[in-house]
Amino acid sequence: MGKILGIIGGGQLGMMLTEAAKNMTTDISEIIVLDPTENCPASKIGATQIVADFKNASAIKELANKCDIITYEIESGDSKILKNLENECEINPSPETLEIIQDKLTQKKFLAENNIPVAEFREISSKNELESKIDEFGLPVLLKTRTGAYDGRGNFKIDTLDQISEALEIFDGQSLMVEKFVNFKMEVSVIASRSTSGEIKTYPLVENIHKNNILEMTIAPARINEIISKNAEEIAHKTMEVLHGAGVFGIEMFVTNDNEILINEIAPRVHNSGHHTLQSSKTSQFEQHLRAILGLKLGSTELVYPTIMYNILGPKDFIGKFKNPTTDLQNVFLKMYGKLESKPQRKIGHVNVVDKDNLGIEKLLEQVAIISESIKIRTEL
């Protein structure tokens, strides 16, 4: 009989994990998600839902009591509570790793201590300390909140000295760190996985293009030379060796103007930049994550078709119900997330534009530019 799978988070990532789990009936018999939003996307496709906040101690304990194994689609779970539940059910990635990653300063210290390349950084507890580090690093710098930040939130780029007071005021009362600004020529990522048996596999390096601090598209494979790609994949492999626990991790990186690879951030879960694997690869990141935490042999990470993933976002000036886009193009795969309401910059769906005819990435980019208009969220029902 298969295991009962618990997922902290039932949004689009939890939904796609649920879809993958439903195709693994020999290994997984039931899926239960914990999510504060009633009728969350995962629940709409067959997952049982516990409606509660991600950090609700009694709800997390209830999930542990009902499940054989717990994983997460979001980093917001309470790592201390999860640590205390490890004797009651399997939890992967490990709560220890979750705790390291939840605090950006702790994460950077951990990586640096393990000789994994990152930008220069320092902890900040006062205006004087920030001014001192700006003298050391030079402008610009990035002031960051240590916890609770994602999709560009919790970051403030300081370009001039007269922005220091404004930045500190915005983050008043929060624990902060500062990073030397990286002049990069490309943002990239590696989707990496490790099983409970220690097997590690990485997917090919992909290129990420952001707009307003939100991922707009992912190009697989990255348009960069093979030496840099292999270096990035080797760094990702080393990172997986030092992090505890099993699962898929999204490892975000910069390629500097000097062709160095620096890790920006790590997500201990399936990742937006891995959605292309649903059509591009022999094994999707969602199936791979489940295989990893179940202790199964990891699937092939071969990129079968070059693919561009393009996010469908809510219009910036609209909140409300919307009309789902459609497409009938054979090489375009539309995935909507079952969300009933659009919000500014909210991830509502994505498309994968797949190169099955060897047209080349530039032709795919031309196609994305055309279809991006037709798949825009329309505010009228």
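A few points about this structure:
- Distance between modelled label sites at THR106 and SER374, nm, 7 Å Cα→Cβ extension: 4.8 nm
- Value of relative contact order over segment 184-374, rounded to a whole percent, pairs C-alpha under 8 Å and six or more apart: 20 percent
- Summing Cβ point charges (Lys, Arg +1; Asp, Glu -1) relative to the Cα centre of the chain gives a dipole of roughly 880 debye.
- Value at 222 nm in deg cm²/dmol, rounded to 500, when DSSP H runs of n ≥ 4 in the chain each add -39,500 (n - 2.57): -8500 deg cm²/dmol
- Label-reachable residues, segment 80-94, where backbone N falls under 17 Å from a point 7 Å from GLU30's Cα toward its Cβ: 89-90
- Order of ASP355, ASP159 - criterion: other Cβ atoms within 10 Å of each residue's Cβ, fewest first: ASP159, ASP355
- Positive dipole terminus of the chain, leading residue within GLY274, GLY2, SER300 (C-beta point charges): GLY2
- Extension gain (nm, one decimal) between ASN358 and ASN183, 0.36 nm per residue minus Cα-Cα: 59.7 nm
- Part-to-part distance (alpha-carbon centres) for segment 167-212 and segment 298-318, which is given in Å: 17 Å
- Legend: distances between Cα atoms for LYS180/LYS238; LYS22/LYS201; LYS201/LYS356; LYS185/LYS238; LYS157/LYS211; LYS22/LYS44; pairs beyond 18 Å are LYS180/LYS238; LYS22/LYS201; LYS201/LYS356; LYS185/LYS238.
- Within segment 68-108: Cβ-based charge dipole about Cα centre, in debye rounded to nearest 20 (Lys, Arg +1; Asp, Glu -1): 280 debye
- Computed about the Cα centre, the dipole magnitude for segment 183-291 is approximately 300 debye when only Lys and Arg (+1) and Asp and Glu (-1) carry charge, each at its Cβ.
- Two-site label geometry, HIS210 and ALA149: point separation in nm, points 7 Å out along Cα→Cβ: 1.0 nm
- Using a cutoff of 8 angstrom between alpha carbon atoms and counting only pairs six or more residues apart, the relative contact order for the chain works out to 13 percent.
- Placing R0 at 41 angstrom, the Cβ-Cβ distance between LYS157 and GLN330 gives a FRET efficiency of 0.45 after rounding to 0.05.
- Set against the labelled values [x] 20.6, 63; [y] 27.1, 94; [z] 24.2, 87, Rg and Dmax of the Cα atoms in Å computed from this structure falls on [x].
- Sorting 322-331, 57-66 by average packing, meaning the other beta carbons within 10 Å per residue, from highest down gives 57-66, 322-331.
- Here's the picture: charge each Lys and Arg Cβ at +1 and each Asp and Glu Cβ at -1 in segment 120-180, and of SER132, VAL178, SER165 the one pushed furthest to the positive end of that dipole is VAL178.
- Segment 91-153 versus segment 31-46: alpha-carbon centroid distance in Å: 32 Å
- Eligible lysines near LYS80 by straight Cα distance, threshold 25 Å, same-chain separation 8 or greater: LYS3, LYS55, LYS61, LYS66, LYS104, LYS108, LYS109, LYS144
Read the figures in this text as sums done on the coordinates, not as results from a lab. Keep in mind that this is a model prediction, so the values were computed, not measured. Methodologically, a virtual Cβ is constructed for each residue, glycine included, from the backbone with ideal geometry; neighbour enumeration extends over all protein chains shown.
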